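Take a look at the structure below.
No lab work stands behind these numbers, since they all come straight from the coordinates. Predicted model only: the values in this text are computed from it and were never measured. Because the Cβ atoms are built from the backbone with ideal geometry, glycine has one as well, and the counts that use them run over all protein chains shown.
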Amino acid sequence: MGRVLNIESGKRPLVLLGFVVVLLILSVILSFKFGPFKSSFRVEEALICQELDGSRQPLRVGNNIPYGVRQVCLWLKYVSAREGAHLDVSWYYEKDQVLSEKIGLTVVDGVRAVYLLREEGDALPSGNYGVTISASGRVWAEIDFCIEKK
């Protein structure tokens, strides 16, 4: 008599292969979301102040600054920076960019302060200002503030 063909045994390797492929795809997705490829960097807090105290904490915080100041400080707190990471800080006056700088992040979790000031030491002009903090094409914070003549 002839041999009986078992079709089910031919499907078993395909089902097993499909299962392995699904598991592989899920593990790659989870490694990007939770594993070593996850980017957990973030700017936790960013604010405008007029100066810092002795322990680098912001003083006179606010978005309405009185005319006559010679400098404005951007204070920010960040977490989970990678080695060699940096932030791009762009300052604007009346919608025109007046300063752009890269600031290095030297520790994983830390605080940085960056100042906007005039080279001549004169008071900053009154008007509307803004600052943008970004890294790798992602904007982490945008702050608008003004220097007001009263």
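Remarks
- Loop-located trypsin sites (Lys or Arg not before Pro) in segment 47-78 (DSSP state not H, G, I, E or B) with no more than 16 neighbouring Cβ atoms inside 10 Å: ARG56, ARG70.
- Straightening the chain between ASP122 and LYS95 buys 7.6 nm, computed as 0.36 nm per residue apart minus the Cα-Cα spacing.
- Pair SER136, ASN64: separation of 7 Å Cα→Cβ label points (nm): 3.9
- Using C-alpha pairs below 8 Å separated by at least 6 residues, the relative contact order for segment 42-148 is 30 percent.
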